[in-house]
């Protein structure tokens, strides 16, 4: 079920008032919200509702087992079992065919025939997101940062429909205390929620879908048929598409959750204004960045074992982060590019520190040069993220930089495409204060005026957006 559809609108039209009517009787609210979330998740394929339920019951059992155990060695063994269970689920549903095919390719390269066959398992939507949330819940209990709540609370948290299929990755310690908090519908910041929902709709329906249909899908499907200019603009178009698509989804998710009385963490903070790759990951998919930092990079040793250990941990973290996005070598290369550049940035800082040199002056010119370099490094990595195979990615890159192709006709580079890219990137440089003032002005409108503004916004989105709504990119992760 997609957010920007009539089906979801009807679903939410029922869920929102019913949720607030049942809120005073908290037990019935939990039962209703659990049922609504399972209906939402099962709308795509009801069979995978049982997988979500299995993950819920087993992870809750592990969490309570750890909480009741005092012996550290036994606690570690139980935690290992919980991690192994969750990795096994991901490994079977998401990576089984990838590893089988990779093994066959390696054996075939050395002349050994493999009789193994592909599993061909359908990928459950959102499996990476709810598995990472379950892992963080169990690990936080192990660290004694958080006590396990009742099963129905955990089940509501893990399946909560605004974030279950594509995030943001909300931790149990952030969400579960809110379940039993007193809530007053009169104190809900509805204006901010509607503002976020309509900004998300505009990003997804107008910007992301337009770029996908007018240039991105075509150039990545057959790069050999397009000019270097079209390929270059196509990469920039995809950079804006994936940002508008994913940040648009999380804007809507945060707004929908806010209408239901729940607060989600921010997931994007103008990532294409970043002045380094480290800064980029503090702004892009922030809930995943923090998850990888707290549950992978730091447990590996972080930067505590010297430069070589830091480089190793950065590479491992981002290669695993790449695989989290998808079971393909293209995602491994994407993660390796980010890990390599982050290691280079760390090396440059360590050399400067070792020599006792001050930080370079923060001038406007230096800041913009850093932004341009960072953005183009990110776009280089996006080629591998978007391409269907490593061969296709390399072909795309080589043709894009071939001077002979720059004089070819470029019919896909239209004013509309360039305008969408400029809006998608330029919108991230709008001062936060301006956005806050705009939201504040909207909140002061009368209900009638607010309804008129929302109606006009919907009409504009419907007029400018392409026919139909494509699935969100991160649904397949």
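The values are calculated or read from the model by the stated rules, or taken from the named source; none is laboratory data. As the structure is a prediction and not an experimental result, all values here were calculated from the model. Glycine gets a Cβ as well: all are built from the backbone with ideal geometry, and neighbour counts include every protein chain shown.
Do we find a residue being within 30 Å of residue 199 (Cα to Cα), part of a loop (DSSP other than H, G, I, E, B) and at pLDDT 90 or above anywhere in the stretch 446-461? No: zero hits.
Out of curiosity, is residue 327 assigned by TED's automatic domain parsing to the domain that holds residue 296, at pLDDT below 95 and within 18 Å of the chain's Cα centre (by Cα)?
Values: assigned by TED's automatic domain parsing to the domain that holds residue 296: yes; at pLDDT below 95: yes; within 18 Å of the chain's Cα centre (by Cα): yes.
Yes; evaluated as a whole, the condition is true for this residue.
From 23, 33, grab the single residue that is in contact with a helix residue (DSSP H, G or I) (Cβ under 7 Å, 6 or more places away or on another chain), under 14 Å from residue 154 (Cβ atoms) and outside the structural domain of residue 457 (by TED's automatic domain parsing). Talk me through it step by step, then tell me what you get.
Working: 23 fails: under 14 Å from residue 154 (Cβ atoms).
Exactly one of 23, 33 is in contact with a helix residue (DSSP H, G or I) (Cβ under 7 Å, 6 or more places away or on another chain), under 14 Å from residue 154 (Cβ atoms) and outside the structural domain of residue 457 (by TED's automatic domain parsing), namely 33.
Selection of the stretch 280-319 for residues being within 17 Å of the chain's Cα centre (by Cα) and more than 24 Å from residue 142 (Cα to Cα) yields 280, 281, 282, 283, 284, 285, 318, 319.
Residues that are under 25 Å from residue 268 (Cβ atoms) and in contact with a helix residue (DSSP H, G or I) (Cβ under 7 Å, 6 or more places away or on another chain) within the stretch 420-449 comprise 420, 421, 423, 424, 425, 428, 429, 439, 442, 443, listed in sequence order. Consider the stretch 4-26 and keep the residues that are in contact (Cβ under 8 Å) with a residue 60 or more places away in the chain and more than 25 Å from residue 124 (Cβ to Cβ). The one that is surrounded by the fewest Cβ atoms within 10 Å (Cβ to Cβ) is 16.
The set of residues in the stretch 269-307 being at pLDDT below 90 and assigned to a helix (DSSP H, G or I) consists of 307 alone. Checked against (1) closer than 20 Å to residue 37 by Cα; (2) more than 18 Å from the chain's Cα centre (by Cα), residue 185 passes all but condition (1).
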